[in-house]
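Have a look at the structure below before the remarks.
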Amino acid sequence: MRTGTFHECLQDYLRAIDTPQRRRLAELIGCDDQAISRWVKQTNLPVGNSSLRLFHVMEAVGFTVTGWKSTNTDVLTVARCVTFHILTSEQVAAKLASPNTDTNGAVQMMVGNRHIKPDNLQVFAALAAEFGPLLGAAKVKWQDILTLDEKSRAINELANRLKEMLPLAESVASDHYTGQERLDLRKRSGEATIFNLYNILGALCGERAREHVIHSAGMLLRKD
């Protein structure tokens, strides 16, 4: 799995899951489907509870996210409990020692953006001891978005990228762009890339089309 920043891993993860899985992810995060679409397009970025839960989802899938600030084991355990709906951020906030700690403050502690005083560390330790053992069973409910074998990941990622690419390709192929601009596209993408992509996509139209492409274009698609 990928090692990278939160947003690099998030883009990889969102491209690796299909539409039903994205809906399930939205259910887990507690957001609408449009939020997922905005994260994919990077017109908006997740913050607060959303980023907390996404981090621990990607961690559970197998991503190594660099730069995440929270390193205390008990805090991480409690954050995982919040992610998988064993606890709520409101419940965590209510347990913390400071009477001025609201839900956002509790989330900021769990993402590592706020210093945690020793008395609150004791609260996190107690919550981790009480609710941490429930994590295994809680994750089972969400296995459909936590288990991605390499073939499923590749198929989902390609499907999502093709859906994202099609309207762009249709636009550039239209009269809105000039021949010179399309030439610039071919140069920027590599002289043979579009031609090779044309053949590969033809091979994906059907198994008979794939056999035709293999024999006519001499493409090395066989395992042997």
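About the Cα centre, and with charges only on the beta carbon of Lys, Arg (+1) and Asp, Glu (-1), how big is the dipole of the chain? Nearest 20 debye, please.
Values: 27 positive and 25 negative charges, 40 e Å.
That gives a dipole near 200 debye.
Calculated [222 nm] ellipticity per residue, helices only, for the chain: -20500 deg cm²/dmol; basis is -39500 (n - 2.57) per DSSP H run with n ≥ 4, divided by all residues, nearest 500. Distance between the pseudo-spin-label points of residue 215 and residue 150 (7 Å out from Cα toward the beta carbon): 3.1 nm. In the stretch 150-217, a dipole from Cβ-located charges (positive for Lys and Arg, negative for Asp and Glu) runs towards its positive end, and of 180, 195, 213 it is 213 whose Cα lies farthest in that direction.
Using only the Cα atoms of the stretch 3-144, construct the convex hull and provide its projected area averaged over every direction, in square nanometres to one decimal.
Details: hull surface 32.2 nm².
Value for the stretch 3-144: 8.1 nm².
Seen from residue 33, the other residues with C-beta closer than 11 Å to its C-beta sum to a net charge of +2, counting Lys and Arg as +1 and Asp and Glu as -1.
Here is the link list: 141/163; 95/117; 139/163. Which ones come out longer than 19 Å on Cα distance? Kindly include the intermediate steps, with their values, before the conclusion.
On the way: 141/163 29 Å; 95/117 14 Å; 139/163 30 Å.
Over 19 Å apart, Cα to Cα: 141/163; 139/163.
What the Kirkwood sum gives for the stretch 150-217 is a hydrodynamic radius of 13.7 Å, with every pair of different alpha carbons counted.
Rg over Rh of the stretch 76-213, using C-alpha atoms and the Kirkwood radius, what does it come to? Present the calculation step by step, with values, prior to reporting the outcome.
On the way: Rg = 25.6 Å, Rh = 20.0 Å.
We get a ratio of 1.28 for the stretch 76-213.
We did not get these values from a lab; they are worked out from the coordinates using the rules stated. This structure is a prediction, so every number in the text was calculated from the model and none was measured. So basically every Cβ, Gly included, is an ideal-geometry build from the backbone, and we count neighbours across all protein chains shown.
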